[in-house]
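This report refers to the structure that appears directly beneath it.
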Amino acid sequence: MFWRLFLLFLALSAVTPAQAETALLNVSYDPTRELYQDVNQAFARVWKDKTGETVRINQSHGGSGKQARSVIDGLEADVVTLALAYDIDAIADKSGLLARDWQRRLPENATPYTSTIVFLVRKGNPKHIRDWDDLVQPDVQIITPNPKTSGGARWNYLAAWGHALAKSGNDEGKARDFLTRLYRNVPVLDSGARGATTTFVQRGIGDVLLAWENEAILAVEELGKDQFDLVVPSLSILAEPPVALVDKVVDKHGTRAVAEAYLRFLFSPEGQELGARHHYRPRDAAVAARHGGQFPAVRLVTIDQLGGWQKIQQIHFSDGGVFDQIAGSMKQ
Amino acid sequence: MKPSLTEAPWARYALTAAALAIVLLFLALPLFVVFSEALAKGVAVYGRALSDPDTLSAIRLTLTVAAIAVPFNLVFGVAAAWCVAKFDFPGKSILVSLIDLPFSVSPVVSGLVYVLLFGAQGWFGPWLAAHHLQVIFAVPGIVLATVFVTFPFVARELIPLMEEQGTDEEEAAVVLGAGPWQVFFRVTLPNIKWGLLYGVLLCNARAMGEFGAVSVVSGHIRGLTVTTPLQVEILYNEYNFTAAFAVASLLALLGLVTLVAKSVVEWRFGGELAANRRH
Amino acid sequence: MAATKSSVVPGFGPTLGFTLFALGLIVLMPLAALFLRASGMGWQQFVQAAFSPRVMSAYALSFGGALAAAAFNAVAGLLLAWVLVRYRFPGRRLMDAMVDLPFALPTAVAGIALTTLYAPKGMLGGLLAGLGVKVAFTPLGVMVAMVFIGLPFVVRTVEPVLQDIDADWEEAALSLGANRLQVFLRIILPSILPALVTGFALAFARALGEYGSVIFIAGNIPGVSEIAPLLIVTKLEQYDYAGATAIAAVMLVVSFILLLIINTVQKWQRRLYQ
């Protein structure tokens, strides 16, 4: 009977939807699940109206580095939408699946939406956390994921670095000291941004969570409006999660046109509106104006001001780099 | 048992209480948490969580993978137990250790080795790509990783059982003129069937529950390459804790069914099993 | 290669052939790929990747935690096996069935459930926090997860041996005036020791490589609560395949040596009985 059951299930599993429609695979990072669910639906409708073709977009989410590695190892992504340009550069470098100038092939640095790093604190802000300097007080516990495994965590780290440099007049020694003190206040180093949010929200650990602005707003909305406050620091970083077409895969699948249209759709007014609704800062000025209240003005440093990804990765996040040295002093 | 052969009542009670505490603290409470969280928002929410299309396709994939991996390991386990238990040959310890190896290999490594073999940068990557075959990040890769992780289960269960039974009955059958298949199906199989069933049940439970190894080779494509344990993680990461625990409870239920089935087997056929052991 | 135990029983060739074929395909070839990748990196590079201070402290936690968990499991598992075999009480069958739960429960589910339970806000975590003990997100949490996944190994290896112990010996010892403790130490313990060692080693080996359940409950702080399998994942996510395979190779060799010891002990144990 056991086997008959198995065979039945096997038969069931063979009934998969007909593959007549076009399918795209969007390999993305963790916090974009909800965004792309909406975008995929909207784009499928737009594409159907325009060409009569039915397109289904499959989603895969995970840590940005892990997802990039999967694509390098053969996960056939038509488009990648990752947390930072470094990860897409890595795909271009290590697999040659797309051209190295991918970031110049789409407008706005190939980044349809931006975000920044903000603080999520417990309701009423009992530890009076207003800006970066309040984080390094000895009695403050900070939740942020591991920058070596999480893209979001790298933005957190670099925002703090940007602040420390600005404050010390570009003294790297002082900036390093600031980060050492900051990471000494981290009790749990999750491997991804979503894990860190869960630790802070569900497990009740820590006084402040460093997070993407979109994640912080989502966490407040999904997990309790009356439990958390959002604090925007005086200076943060312009986080640019970019998108790219994977040339060799779309040529193999014959999906170049639809994949290209899909990415362009993100830059269209409708795509921008969807982004803003999911708390990403839109590039389109008109859309941004409509959602202005959601996105307070912050002084933003850019990745290029900090030296660009290749250099940053080498100095800070390589083995034995600045972060490893800081981590070495985390065991109090 | 004669009274002189056991401890004083107070010692008996103390030991039983200690055992109970361990079971409660380490085993029963985690199980309780899964079900209480799953049902925290009521049965309706629980039902809706389980009928989500992505969850259903995850369950289907898990059943498919188990339906391939378990029979393979069943055949392998019987063959391996046969040659290890019924014969002596040099290098047996090494062979048995190699069969056991997947037990103690980190699940992460189990997934990684297949990426090194079949990934785009791996040994067979270019060949597979040239022939438009996808192993990693598709169902074959998930099946392979599952077979690897559950590889020793049936063999481990059968080897000691068949060793204790020895070869007398089989020898007698051969002398009386039975063919090889007759010897196996008429003589050996009836002797090992309950051990075999137990091994298959555990193998199946592990196959359906494997997380680490499958996570490395799955690619996490919604509705296509996400297995049930991975779906638990996805829901958990979407702050959908109730749904995550609901799906988890399904897997826990599967574990419980396995355990109940195993207990029934032992209870109904315990005498037979013990008799086998004494052979 | 000759089958020396019996020359009459058929099927040695085909079964050994299939066993070696499946073993080669599923286990040996993939592992060979791993070792080749690791050996491609040169000795100095290998040592640097596999034995750097951060990796060493991860080994220390993985090996130390697994050792502590296995030691705890040896005691707790022996206790459980003893109670299950020797005493009759209501709920015994249920308790017996529960022991296999860690075999059957997916590791990620176990990790999430244990974290929910032992986090400061959780049912047990809150209780323990009152006593000043922190479990989740500390090395202690790592051990709790390792105890969970390793417990059934000890119980299930000790149970059958305990059942088989001949009551005559115990009776004889008791009639000669030995007390219960002496009987346990002199007669019972020596006969179950090989099984106990096997269970201990199995629990140890399993805990060493465990990933799914541990990462949820560990704090993952480098040098404090970061386990070796997590480092493999971390290296992979930095596209450092060589570094990942180097650590994996070290852990694999240790596992294999452990298993070889177990199987040799078991062989020796069988000889003793015959």
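The values are calculated or read from the model by the stated rules, or taken from the named source; none is laboratory data. Keep in mind it's a predicted model, so treat the numbers as computed, not measured. Using ideal geometry, Cβ is built from the backbone for each residue, glycine included, and neighbour counts are taken over all protein chains shown.
Of the residues that sit in the stretch C:105-134 and are surrounded by fewer than 24 Cβ atoms within 10 Å (Cβ to Cβ) and among the hydrophobic types (A, V, I, L, M, F, W, C), which one is nearest to the chain's Cα centre (by Cα)?
Among those residues, the one meeting the criterion is C:Leu117.
Let's see how each residue does on (1) of a type in the set (A, V, I, L, M, F, W, C); (2) at pLDDT below 95; (3) not in a strand (DSSP E or B):
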residue	(1), (2), (3)
A:Arg33	no, yes, yes
A:Tyr36	no, no, yes
A:Val39	yes, no, yes
A:Ala42	yes, no, yes
A:Arg45	no, no, yes
A:Lys50	no, yes, yes
A:Ala68	yes, yes, yes
A:Glu76	no, yes, yes
A:Val80	yes, no, no
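Kindly indicate which of B:Phe124, B:Phe241 is over 30 Å from B:Ala38 (Cα atoms) and either in contact with a helix residue (DSSP H, G or I) (Cβ under 9 Å, 6 or more places away or on another chain) or buried (at least 22 other Cβ atoms within 10 Å of the Cβ) (or both). Give the derivation first.
Values: B:Phe241 fails: over 30 Å from B:Ala38 (Cα atoms).
Only one candidate passes the filter, namely B:Phe124.
Among C:Glu226, C:Glu210, which is more than 12 Å from chain B (Cβ to nearest Cβ), of a type in the set (D, E, K, R) and surrounded by 24 or more Cβ atoms within 10 Å (Cβ to Cβ)? Please lay out each step first, then the result.
Details: C:Glu210 fails: more than 12 Å from chain B (Cβ to nearest Cβ).
Only one candidate passes the filter, namely C:Glu226.
Being within 12 Å of chain C (Cβ to nearest Cβ), over 14 Å from the mean Cα position of the chain (by Cα) and buried (at least 18 other Cβ atoms within 10 Å of the Cβ), is that true of even one residue in the stretch B:189-211? Write out each step before concluding.
Restricting attention to the stretch B:189-211, the residues satisfying the condition of being within 12 Å of chain C (Cβ to nearest Cβ) are B:195, B:198-199, B:201-211.
Next cut, over 14 Å from the mean Cα position of the chain (by Cα) only: none.
No; the residues of the stretch B:189-211 include none that is within 12 Å of chain C (Cβ to nearest Cβ), over 14 Å from the mean Cα position of the chain (by Cα) and buried (at least 18 other Cβ atoms within 10 Å of the Cβ).
For the stretch C:100-142, enumerate the residues that are assigned to a loop (DSSP other than H, G, I, E, B), touching a residue at least 40 places away in the same chain (Cβ under 8 Å) and under 24 Å from B:Val247 (Cβ atoms).
Of everything in the stretch C:100-142, those that are assigned to a loop (DSSP other than H, G, I, E, B), touching a residue at least 40 places away in the same chain (Cβ under 8 Å) and under 24 Å from B:Val247 (Cβ atoms) turn out to be C:Asp100, C:Pro106, C:Ala136.
Quick one: which of B:Leu230, B:Leu253 is aliphatic (A, V, I, L, M), modelled with pLDDT under 90 and under 20 Å from the mean Cα position of the chain (by Cα)? Break it down into steps so the answer makes sense when it comes.
Numbers: B:Leu230 fails: modelled with pLDDT under 90.
Answer to the selection: B:Leu253.
Does any residue in the stretch A:59-74 that is more than 7 Å from every other protein chain (Cβ to nearest Cβ) and closer than 13 Å to A:Ala193 by Cα come within less than 8 Å, Cβ to Cβ, of a residue that is among the acidic types (Asp, Glu) and buried (at least 24 other Cβ atoms within 10 Å of the Cβ) six or more places away or on a different chain, and which pairs are these?
Pairs that qualify, where the first residue is more than 7 Å from every other protein chain (Cβ to nearest Cβ) and closer than 13 Å to A:Ala193 by Cα and the partner is among the acidic types (Asp, Glu) and buried (at least 24 other Cβ atoms within 10 Å of the Cβ), are A:Ser64/A:Asp30; A:Ser64/A:Asp87.
Can you tell me which residue within the stretch C:255-271, out of those that are in contact (Cβ under 8 Å) with a residue 60 or more places away in the chain and either surrounded by fewer than 22 Cβ atoms within 10 Å (Cβ to Cβ) or facing chain B (nearest Cβ under 7 Å) (or both), is nearest to the chain's Cα centre (by Cα)? Outline the logic, then answer.
The initial filter retains those residues of the stretch C:255-271 that are in contact (Cβ under 8 Å) with a residue 60 or more places away in the chain, namely C:261-262, C:265-266, C:268-269.
Next, only the ones that are either surrounded by fewer than 22 Cβ atoms within 10 Å (Cβ to Cβ) or facing chain B (nearest Cβ under 7 Å) (or both) stay: C:261, C:265-266, C:268-269.
Details: C:Ile261: 14, C:Val265: 16, C:Gln266: 16, C:Trp268: 21, C:Gln269: 20 Å.
Checked the stretch C:255-271; the qualifying residue nearest to the chain's Cα centre (by Cα) is C:Ile261.
Working carefully through the options B:Ser93, B:Ser57, B:Ser51, B:Ser106, find the one that is under 30 Å from C:Lys235 (Cβ atoms) and among the hydroxyl-bearing types (Ser, Thr, Tyr). Working first, answer last.
Details: B:Ser93 fails: under 30 Å from C:Lys235 (Cβ atoms); B:Ser57 fails: under 30 Å from C:Lys235 (Cβ atoms); B:Ser51 fails: under 30 Å from C:Lys235 (Cβ atoms).
Only one candidate passes the filter, namely B:Ser106.
Listed here are the residues, each with its yes/no results for (1) more than 7 Å from chain C (Cβ to nearest Cβ); (2) farther than 23 Å from C:Leu80 by Cβ; (3) under 25 Å from the mean Cα position of the chain (by Cα); (4) part of a helix (DSSP H, G or I).
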{"site": "B:Tyr13", "(1), (2), (3), (4)": "yes, no, no, yes"}
{"site": "B:Ala19", "(1), (2), (3), (4)": "no, no, no, yes"}
{"site": "B:Ala69", "(1), (2), (3), (4)": "yes, yes, yes, yes"}
{"site": "B:Val78", "(1), (2), (3), (4)": "yes, yes, yes, yes"}
{"site": "B:Val84", "(1), (2), (3), (4)": "yes, yes, yes, yes"}
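Check the stretch A:207-215 and report whether any residue there is surrounded by fewer than 21 Cβ atoms within 10 Å (Cβ to Cβ) and within 19 Å of the chain's Cα centre (by Cα). Working first, answer last.
The first filter runs over the stretch A:207-215 and keeps only residues surrounded by fewer than 21 Cβ atoms within 10 Å (Cβ to Cβ), leaving none.
Within the stretch A:207-215, none of the residues are surrounded by fewer than 21 Cβ atoms within 10 Å (Cβ to Cβ) and within 19 Å of the chain's Cα centre (by Cα).
Only one of (1) closer than 30 Å to A:Thr51 by Cβ; (2) touching a residue at least 12 places away in the same chain (Cβ under 8 Å); (3) loosely packed, with under 14 Cβ neighbours inside 10 Å; (4) of a type in the set (D, E, K, R) is not met by A:Asp226, so which one is it?
Among (1) closer than 30 Å to A:Thr51 by Cβ; (2) touching a residue at least 12 places away in the same chain (Cβ under 8 Å); (3) loosely packed, with under 14 Cβ neighbours inside 10 Å; (4) of a type in the set (D, E, K, R), the lone unmet condition for A:Asp226 is (1).
Take the stretch A:123-158 and flag every residue that is in a helix (DSSP H, G or I), touching a Leu at 6+ places or on another chain (Cβ under 8 Å) and away from chain C (no Cβ under 12 Å).
Answer for the stretch A:123-158, where residues must be in a helix (DSSP H, G or I), touching a Leu at 6+ places or on another chain (Cβ under 8 Å) and away from chain C (no Cβ under 12 Å): A:Trp132, A:Leu135, A:Trp155, A:Asn156, A:Tyr157, A:Leu158.
Of everything in the stretch C:71-86, what is of a type in the set (Phe, Trp, Tyr) and either more than 9 Å from every other protein chain (Cβ to nearest Cβ) or in contact with a Ser or Thr (Cβ under 6 Å, 6 or more places away or on another chain) (or both)? Give them in sequence order. Let's see the steps before the verdict.
Looking only at the stretch C:71-86, we keep the residues that are of a type in the set (Phe, Trp, Tyr), and these are C:72, C:82.
Hit for the stretch C:71-86 is C:Phe72, nothing else.
So which of C:Gly13, C:Gly24, C:Gly64 is closer than 23 Å to B:Val149 by Cβ and surrounded by fewer than 21 Cβ atoms within 10 Å (Cβ to Cβ)? Outline the logic, then answer.
On the way: C:Gly13 fails: closer than 23 Å to B:Val149 by Cβ; C:Gly64 fails: closer than 23 Å to B:Val149 by Cβ.
One residue alone meets the criteria, C:Gly24.
Which of the following residues is farther than 29 Å from B:Ser36 by Cα, within 11 Å of another protein chain (Cβ to nearest Cβ), buried (at least 24 other Cβ atoms within 10 Å of the Cβ) and not acidic (Asp, Glu): C:Phe148, C:Phe137, C:Phe204, C:Phe153?
Numbers: C:Phe148 fails: farther than 29 Å from B:Ser36 by Cα; C:Phe137 fails: farther than 29 Å from B:Ser36 by Cα; C:Phe153 fails: farther than 29 Å from B:Ser36 by Cα.
Unique residue meeting the criteria: C:Phe204.
Please state which one of C:Phe72, C:Phe89, C:Phe63 is part of a loop (DSSP other than H, G, I, E, B), aromatic (Phe, Trp, Tyr) and either under 22 Å from the mean Cα position of the chain (by Cα) or modelled with pLDDT under 90 (or both). Give the steps one after another, and end with the answer.
Values: C:Phe72 fails: part of a loop (DSSP other than H, G, I, E, B); C:Phe63 fails: part of a loop (DSSP other than H, G, I, E, B).
It is C:Phe89.
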